[in-house]
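One structure is given here, and the rest of the page talks about it.
Bear in mind these aren't lab numbers, they're just calculated from the coordinates by the rules spelled out. Since the model is a prediction, treat every value here as computed from it, not as a measurement. Cβ coordinates were reconstructed from backbone atoms using ideal geometry, including for glycine residues, and neighbour counts include every protein chain displayed.
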Amino acid sequence: MGINIQSDISLKKYNTFGINEVAAHFIEITEPTQLLSAYEAGIFEKDFLTLGSGSNILFTQPYAGYIIKINIKGITAKQHQNDIFITAAGGEIWNELVWFCVNNNYSGLENMALIPGTVGASPVQNIGAYGTELMDIFYSCIAFDTLEGVFRIFYNEDCKFSYRDSIFKSEQKGRYIITEVTYKLNSSPSINTSYGAISAELKKRNISDPTIKDIAEVVSFIRVEKLPDPSTVGNAGSFFKNPIISSNKYQGLKELNPDIVSYNMPDGGVKLAAGWLIEQCGWKGKVIGQAGVWKNQALVLINVQSASGTEIFELSSKIINDVDQKFNVKLEREVNIF
């Protein structure tokens, strides 16, 4: 199948911040073979950016190259003994995949309900929430190599997963376009209620023996309570990573800030709640011009109405500086900046 190249396309509906920048060239991919066509046409020798749902991106200027919009669809399931292998195309909406699995009683994705984005972006970011990370259930993916024009298979160990990171986001950033992902799930549900917010909400609902559907519903409820709906308030979810520091540094911070919110990591480090750090600096609910910090979750930056990407970026810089000054902790942006 060939490719259709459009010119001077507004990106407003293609990013959840709702930033109205323009792409010089725009290509929608609905079949993996179109990537071969794009390669043969020399598209990948020029500046290009792969886009899923645009839920983890901030445009601060017009994009002069090619936007490659991935809209490949399809979900299949195969069972092997107690394992369920779910294969989903890169353009599938993540939350729709979660509910496909929940409705079929396939356990493993329910704690990541309502995370914005597409399937193809999930391994890039090593997405995670409420005690579960993608690396825990990722089996393999097929990715198109834009340098060599071939499709490659990556297994879990090939992806070099770490907290909100992978080979696709670090050393091979921009090289590969993920067309499908396979997840290894279990037909015997294993319920994870390790995060206090989940346990508290289950208790409120008088649920003592939760199903994976209960978990997905509770997680969705918690996220809706905390996070704005991108269809009404432009945002990209969590704008910053939760920083990980040494246990020694944490002890020093704990002495000065007894209420600091933290989580112990398997390697002995300590993950801090970036939202708590930002809130302590007085940013929660604050608005500067058309950019602001969400009133219910300081980790989320918002487009109040008609902000430019530059306004939001400058706001994030002020927050990073204030947290660094107060806690000597350097926040890192989770959102990709262009």
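Residue 36: net charge of surrounding residues, Cβ under 14 Å, Lys/Arg +1, Asp/Glu -1, itself excluded? With Lys, Arg at +1 and Asp, Glu at -1, the net is -3.
Given the pairs 203/326; 78/271; 13/73; 13/173, which span a C-alpha to C-alpha distance of over 31 angstrom in this model? Walk me through the numbers on the way to the answer.
Details: 203/326 36 Å; 78/271 36 Å; 13/73 19 Å; 13/173 24 Å.
In this structure, 203/326; 78/271 exceed 31 Å between Cα atoms.
Normalised by the number of residues in segment 5-70, the average gap of Cα pairs under 8 Å and 6 or more apart makes the relative contact order 41 percent. Among (i) 19.3; (ii) 20.5; (iii) 21.0, find the value of Kirkwood radius over Cα pairs in Å that was calculated from the structure presented, and write down its label. Evaluating Kirkwood radius over Cα pairs in Å on these atoms matches (iii). Using C-alpha pairs below 8 Å separated by at least 6 residues, the relative contact order for segment 234-337 is 32 percent. Loop-located GluC sites (Glu not before Pro) in segment 237-338 (DSSP state other than H, G, I, E, B) with a sparse environment of at most 14 neighbouring Cβ atoms within 10 Å: 332.
Under the rule a/c < 1.5 gives rounded, and otherwise a/b versus b/c splits prolate from oblate, where does segment 65-113 land using the Cα gyration tensor? Verdict is prolate for segment 65-113. Give me the percent of DSSP beta bridges within segment 5-70 that run antiparallel, rounded to the nearest 5. Here the antiparallel bridges make up roughly 35 percent for segment 5-70.
The residues neighbouring residue 95, those whose beta-carbon lies less than 12 Å from its own, together hold a net charge of -2 under the Lys/Arg +1, Asp/Glu -1 convention. Looking at segment 32-131, the DSSP beta bridges with both ends there are about 65 percent antiparallel.
What is the local net charge at residue 278, summed over the other residues whose Cβ is closer than 14 Å to its Cβ (Lys, Arg +1; Asp, Glu -1)? Walk me through the intermediate numbers first.
Values: positive: 226, 241, 284, 286, 295, 318, 326, 330, 333; negative: 279, 322, 324, 332, 334.
Surrounding charge for residue 278 is +4.
Short-range pairs are left out: with C-alpha atoms under 8 Å and at least six residues apart, the relative contact order of the chain is 16 percent. Report summary: the helix-based calculation at 222 nm, which adds -39500 (n - 2.57) for every DSSP H run with n ≥ 4 and divides by the residues of the chain, gives -7000 deg cm²/dmol. Structure note, pairs 46/169; 46/160; 69/295; 69/184; 254/330: Cα-Cα distances above 23 angstrom occur for 46/160; 69/295; 69/184.
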